[in-house]
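Visitor: Structure in structure tokens, see below.
What follows is calculated from the coordinates using simple rules that are stated; it is not laboratory data. Here the structure is a predicted model, which means the values were calculated and not measured. Ideal geometry is used to build each Cβ from the backbone, glycine not excepted, and the neighbour counts take in all protein chains shown.
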Amino acid sequence: MKKVKKVTLTINDREVRAEGGMTILEAARDAGIHIPTLCYHEKLAPYGACRLCTVEISQNGRTQLVTACVYPAEDGLVVKTDSQRVIRIRKMLLELMLASSPAKTIQDLAQQHGVAKPRFEAEKTNCILCGLCVRYCNEIKKANAIGFVGRGTERRVVFYPEIASTVCASCRECFSLCPTGKLPSETDGVCFDDLTLEDFLGARQARV
Ligand code: SF4
Ligand code: FES
């Protein structure tokens, strides 16, 4: 049997042993240390979109901010999950998310991090572009019925009508993953047996 290499790192002044190949997030969770996440899903490849899992690491005399769900747990790494820099950046990220997606999950997270009201104005798309729906459909279901279109502020999630009309009715598994409730709310009332594509989320934008 192949022996799994172990690494030793320090998280919040605690020595933590982790299996080689784990991310900082996995090592922290194994040790019972909480790091907030939004776009992370244990069955999906690391994505690093929301950056809520940002932590501060020190290695070889250098300090930097990294996303814990992507960065590998390495020998000798010193990790702070709640330094002043980390707290500041998480607050800022939550303010930005809250401005575009005032969903309960985001509101609760914002409140937990001391953010009462966002300082920013943004279009209320209710989507934080976490990609959970898109990645789940592609990586787990292998259906590719949903994807991203556009760039920058125009970036949107869309269902591809020609695929969605054949697979989504009997699946809908991405609905429960959506942290803002955008998918279930925007497709509510759509009759899946007789899918009205014009009503389906983003169908119009997909053709533009
Ligand atoms: S629709 Fe929901 S799950 Fe999909 S990217 Fe937007 S917030 Fe994430
Ligand atoms: S949970 Fe790590 S970037 Fe979203």
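Visitor: Using a/c under 1.5 as the rounded threshold, could you call segment 49-170 rounded, prolate or oblate? The axes a ≥ b ≥ c are square roots of the C-alpha gyration tensor eigenvalues, and prolate needs a/b larger than b/c, oblate otherwise.
Guide: oblate
Visitor: Which value at 222 nm does the chain reach when only helices count, each DSSP H run of 4 or more adding -39,500 (n - 2.57), with the total divided by all residues and rounded to the nearest 500 deg cm²/dmol?
Guide: Per the formula, -7000 deg cm²/dmol.
Visitor: Give, in whole angstrom and from largest to smallest, the semi-axes √(5λ) of the equivalent ellipsoid of the chain, with λ running over the eigenvalues of the Cα gyration tensor.
Guide: Semi-axes (√(5λ), whole Å): 35, 22, 13.
Visitor: Report the full-extension gain for the segment R14 to F148: residue separation times 0.36 nm, less the Cα-Cα distance, to one decimal in nm.
Guide: Net length gain for the segment: 44.2 nm.
Visitor: Using a Förster distance of 22 angstrom, determine the FRET efficiency expected from the C-beta separation of Q59 and K6, and round it to 0.05.
Guide: 0.80
Visitor: Nearest 10 degrees, 0 to 90: what angle lies between the long axis of helix 84-100 and the longest principal axis of the chain (Cα atoms)?
Guide: 0
Visitor: May I pose another question? Just to verify a number: FRET efficiency for K91 and C171, C-beta to C-beta distance, R0 = 25 Å, to 0.05?
Guide: With a Förster radius of 25 Å, E is 0.10.
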